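The values are calculated or read from the model by the stated rules, or taken from the named source; none is laboratory data. The structure presented is a predicted model; accordingly, all values stated were derived computationally and were not measured. Here Cβ is always computed from backbone atoms with ideal geometry, including for glycine, and neighbour counts include all displayed protein chains.
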């Protein structure tokens with residue numbers, strides 16, 4: 001659906017040129033929830049703005065449904081841009097308009113009759129769970145409710161693609177989970193392809209099927225989320241996936257094993273069985289685990305014993321159980 005071919009964006013600064021996006025090539029297929037993750041300043045927000053030509057790329061191509069957007073005259077580009085809606089970290093709602101009128105706004109721009117626009121806006125607000133707040137102003141809404149209005153507004157023009165630029169960064173954890181669940185529902189039930197820009201791996205883990213890791217404007221790693229999570233190859237991906245636990249940092253002289261859980265039953269006492277079978281004691285230095293429908297996802301850091309024979313028994317046990325691991 002969307003192909004980025006050697007895409008670049010250079011900003012002219014007073015003393016030097018800044019390459020915000022540097023030779024990026026990606027393929028996003030219809031129905032994907034595609035995550036683009038990186039630290040602050042990595043170039044991810046500039047990249048997403050190049051996708052819909054809010055920022056005109058300096059070089060390369062953005063091909064949308066077989067059409068090179070860079071070759072289109074302005075009027076035709078606007079038509080294609082209507083197929084790609086965007087939601088932002090700070091909601092960007094119009095403070096003098098109610099939730100209903102905020103959702104109606106893009107419909108007004110394209111000339112939709114008032115009655116038709118209001119009926120559609122009401123249905124969309126019901127879809128995002130705000131049918132009881134249609135006449136509320138942004139100042140009367142919580143952060144999560146504001147983002148729901150923004151999502152409803154983004155869906156008003158029936159887009160094929162929804163671009164989410166740090167859409168949950170200003171929200172608390174519970175609200176973030178609710179908004180991500182809503183986005184996943186929109187993807188599944190409405191068939192909207194979603195591109196998620198974030199600096200949080202937990203966001204990618206919850207809803208994305210594919211992910212690209214960006215650093216200094218370049219894509220350093222890309223693939224299916226499970227593959228990247230289980231076996232990150234770049235240093236930045238490891239940093240994003242593997243938290244720098246304080247206790248682990250104090251034991252850098254010791255051997256640390258990272259175990260990745262991806263689909264194992266959460267009731268299986270893997271570590272307890274490892275200790276019993278291998279006749280070793282291991283110290284858990286940190287863990288980031290979640291139980292989703294009885295299945296364990298996440299990772300754990302174990303401090304290994306100094307005895308090489310004991311370490312080999314541990315690795316043999318994990319191999320037998322088909323558990324992914326690496327020394328870090």
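When only residues in segment 51-66 that are at negative phi and in a strand (DSSP E or B) count, which is surrounded by the most Cβ atoms within 10 Å (Cβ to Cβ)? Break it down into steps so the answer makes sense when it comes.
Taking segment 51-66 and keeping what is at negative phi, we get 51-52, 54-59, 61-64.
Now drop any that are not in a strand (DSSP E or B), which leaves 59, 61-64.
Details: 59: 14, 61: 16, 62: 20, 63: 16, 64: 22.
Once the filter is applied, the top-ranked residue is 64.
If you go through segment 14-28 one residue at a time, do you hit one that is surrounded by fewer than 16 Cβ atoms within 10 Å (Cβ to Cβ) and in contact with a helix residue (DSSP H, G or I) (Cβ under 9 Å, 6 or more places away or on another chain)?
no
Can you go through 48, 33 and tell me which one is surrounded by 15 or more Cβ atoms within 10 Å (Cβ to Cβ), in contact with a helix residue (DSSP H, G or I) (Cβ under 7 Å, 6 or more places away or on another chain) and either under 15 Å from residue 219 (Cα atoms) or touching a residue at least 60 places away in the same chain (Cβ under 8 Å) (or both)? Talk me through it step by step, then tell me what you get.
Values: 48 fails: in contact with a helix residue (DSSP H, G or I) (Cβ under 7 Å, 6 or more places away or on another chain).
33 is the lone residue from the list that is surrounded by 15 or more Cβ atoms within 10 Å (Cβ to Cβ), in contact with a helix residue (DSSP H, G or I) (Cβ under 7 Å, 6 or more places away or on another chain) and either under 15 Å from residue 219 (Cα atoms) or touching a residue at least 60 places away in the same chain (Cβ under 8 Å) (or both).
Give the residues of segment 167-181 that are in contact with a helix residue (DSSP H, G or I) (Cβ under 7 Å, 6 or more places away or on another chain) and surrounded by 19 or more Cβ atoms within 10 Å (Cβ to Cβ), sorted by residue number.
Within segment 167-181, 167, 168, 171, 179, 180 meet the criteria.
Each row is one residue, and each column tells you yes or no for (1) at pLDDT below 80; (2) surrounded by fewer than 18 Cβ atoms within 10 Å (Cβ to Cβ).
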position	(1), (2)
241	yes, no
245	yes, yes
271	no, yes
274	no, no
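Return yes when residue 121 is assigned to a helix (DSSP H, G or I), touching a strand residue (DSSP E or B) at 6+ places or on another chain (Cβ under 9 Å) and in the same structural domain as residue 20 (by TED's automatic domain parsing) and no when it is not.
No.
Can we say residue 213 is on the phi < 0 side of the Ramachandran plot, in contact with a helix residue (DSSP H, G or I) (Cβ under 8 Å, 6 or more places away or on another chain) and either surrounded by fewer than 19 Cβ atoms within 10 Å (Cβ to Cβ) or in a loop (DSSP other than H, G, I, E, B) (or both)?
No; evaluated as a whole, the condition is false for this residue.
Go through the residues of segment 53-71 one by one and say whether even a single one is over 23 Å from residue 219 (Cβ atoms) and either assigned by TED's automatic domain parsing to the domain that holds residue 229 or free of Cβ contacts under 8 Å to residues at least 60 places away in the same chain (or both).
The answer is yes; a qualifying residue exists.
Considering every residue within segment 95-110, establish whether at least one is surrounded by fewer than 13 Cβ atoms within 10 Å (Cβ to Cβ) and within 29 Å of the chain's Cα centre (by Cα). It would help to see each step written out before you state the result.
Of the residues in segment 95-110, the ones surrounded by fewer than 13 Cβ atoms within 10 Å (Cβ to Cβ) are 95-96, 109-110.
Filter once more, keeping what is within 29 Å of the chain's Cα centre (by Cα): 95.
Yes, the conditions are met somewhere in segment 95-110.
Just to be sure, is residue 152 touching a residue at least 12 places away in the same chain (Cβ under 8 Å), in contact with a helix residue (DSSP H, G or I) (Cβ under 6 Å, 6 or more places away or on another chain), farther than 19 Å from residue 181 by Cβ and not in a loop (DSSP other than H, G, I, E, B)?
Working: touching a residue at least 12 places away in the same chain (Cβ under 8 Å): yes; in contact with a helix residue (DSSP H, G or I) (Cβ under 6 Å, 6 or more places away or on another chain): yes; farther than 19 Å from residue 181 by Cβ: no; not in a loop (DSSP other than H, G, I, E, B): yes.
No, not satisfied.
Exactly one of (1) surrounded by fewer than 22 Cβ atoms within 10 Å (Cβ to Cβ); (2) within 17 Å of residue 47 (Cβ to Cβ); (3) in contact with a strand residue (DSSP E or B) (Cβ under 7 Å, 6 or more places away or on another chain) is unmet by residue 161. Its number?
(1)
Any idea how many residues of segment 36-45 are closer than 11 Å to residue 163 by Cβ and touching a helix residue (DSSP H, G or I) at 6+ places or on another chain (Cβ under 9 Å)?
1
Suppose we filter segment 274-319 for residues that are part of a helix (DSSP H, G or I) and either touching a residue at least 40 places away in the same chain (Cβ under 8 Å) or out of contact with any helix residue (DSSP H, G or I) (no Cβ under 9 Å at 6 or more places or on another chain) (or both); how many remain?
Residues in segment 274-319 being part of a helix (DSSP H, G or I) and either touching a residue at least 40 places away in the same chain (Cβ under 8 Å) or out of contact with any helix residue (DSSP H, G or I) (no Cβ under 9 Å at 6 or more places or on another chain) (or both): 13 in total.
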